Structure formats: structure tokens, C-alpha cells
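Rule-based calculations on the coordinates, nothing more; no lab input. Here the structure is a predicted model, which means the values were calculated and not measured. Note that each Cβ is placed from the backbone with ideal geometry, even for glycine, and that neighbours are counted across all protein chains shown.
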Amino acid sequence: MEAVRTYFRTIWRALSSIAIGMSVTIRHLLTPAVTVQYPDVKLKMPERARNRLYVNIDDCIGCDQCSLACPVDCITIETVKSTPDQDLGTTSTGHKKRLHVPLFDIDIAKCCYCGLCVYPCPTECIVMTDVYEFSEFDRHNLIYHFSSMSPDQIEAAQAKLKKAEEEAAAKKATAAAAAEAKQKSEQPKQG
Ligand code: SF4
Ligand code: SF4
């Protein structure tokens, strides 16, 4: 008799266990999904999400503030001074551009997405975008080059600056020599 009772108790437990499991399954079948079919469906990034950086080089004044703020030194900037006869224009924020920017690289493989480079930029030209898919097979492709200057343009800017500096130095030397000659001629003669 006891064996029969145990038999039916076991059947009851199995059936009730299945019923509990199925009730959970059915409840979730009727609940709206919280996941999306990535990559076919993508969630919209929050407004202040920090992902891939972008630099609008036309608005960059080469001030180096972003690079100095970077805790991992992943921004490399080189500049060449413009000469007085050159007008590099102004940024969209109204800042006068005085430096050529022949090199502006960001090694995004080192970037920790802290956003510290974004805040000090006076022209707001370095920004975090909502792009988060940029994996590469070759890590060298993770160094982004933002400068728009060609090698010829860089060479020309460097040559022009060198010439202007040499001319300024020669002018200074001539003025100094003239001042010295004048000083000597104005000295009272002895005897
Ligand atoms: S987000 Fe941070 S780590 Fe990345 S480049 Fe800017 S300052 Fe450097
Ligand atoms: S802080 Fe802005 S303007 Fe200055 S070098 Fe960086 S990106 Fe250019």
C-alpha cells in the first residue's frame, strides 16, 4: 500500500513541477522582450555616451589642450606656426587660427574613453560620437589621422616659416649693428 502511495506522490510532484516551469515559460512568452536582435537591430546610444572620438580638424587651432589633458598620452599633435602674411582663417566658434596642424593622431587602442580631452577644447572640435563598432584586425588601423595637410603642404609651411624666421633674424641683426654703429659714432672723442 505504501509503495502505491509513493508511486502516485512521485507522479504528482513531477506534474506540479512541470506546471510551475511551464507557468514561468508562458509568463515570459507574453512579456515584451528587453533584448534586441543585434546587429540587425541596434539600441540608440544615450546622449552623453562616450565612444569613438572625432576631430573636426577645420576647427582645430592646435592649442594642445586635449593632448595635455589625456591621461594615457594617446593624442599626438604637431604644429607649424603661420607667418604674418598668412591668414589661416577662423574656426566656427570665432577663434583665429594661427597654427598649421600637420599631425593630429589619436591612438584609439590606448584610449580609455574618459572624455577628459573633450572638455578643455576651446573650439569644441574634439567630440565623443555614438560610434561603438570599430574593431580592426590590425591594431595600426586604430591610429586615427585627422590632419588634412598633404606632405607637400607641410613642407611648404615649414619652408615658409623657416624663411620668415631667417628674415626676421637678419633684420634684427641689421638693426642691432646699426644701433651699435650709431652708439659708437655718438661717443665723445678723447684727446
Ligand atoms: S577620451 Fe581620455 S584617454 Fe581617450 S583620448 Fe580623450 S583624454 Fe585620452
Ligand atoms: S583642444 Fe581642440 S583646438 Fe586644441 S588642439 Fe585639441 S582639438 Fe585642437
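In table form, for the structure just shown:
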{"quantity": "Range of Cα positions in the range 96-147 per principal axis (Å), largest first", "calculated": "40, 23, 16"}
{"quantity": "Percent RCO, i.e. relative contact order, over the chain, from Cα pairs under 8 Å lying at least 6 residues apart", "calculated": "22"}
{"quantity": "Most mobile of LYS97, LYS44, LYS160 in a GNM of the chain (Cα contacts under 10 Å)", "calculated": "LYS44"}
{"quantity": "For the range 53-152: relative contact order, % (alpha-carbon pairs under 8 angstrom, 6 or more apart)", "calculated": "36"}
{"quantity": "Partnerless Cys - the chain, beta-carbon criterion under 4.7 Å", "calculated": "CYS60, CYS63, CYS70, CYS74, CYS111, CYS112, CYS114, CYS121, CYS125"}
{"quantity": "The chain - mean residue ellipticity at 222 nm from DSSP helices (-39,500 (n - 2.57) per run, n ≥ 4, rounded to 500)", "calculated": "-12500 deg cm²/dmol"}
{"quantity": "Separation between Cα centres of the range 48-89 and the range 157-173, rounded to whole Å", "calculated": "25"}
{"quantity": "Mean shadow area of the range 53-152 over all directions, Cα convex hull, nm²", "calculated": "7.0"}
{"quantity": "Cα pair distances of the chain binned at 10 Å [whole percent]", "calculated": "7, 20, 18, 13, 10, 9, 8, 6, 4, 2, 2, 1, 1, 0, 0"}
{"quantity": "Isotropic mean projected area of the C-alpha convex hull, the range 1-97 (nm²)", "calculated": "14.2"}
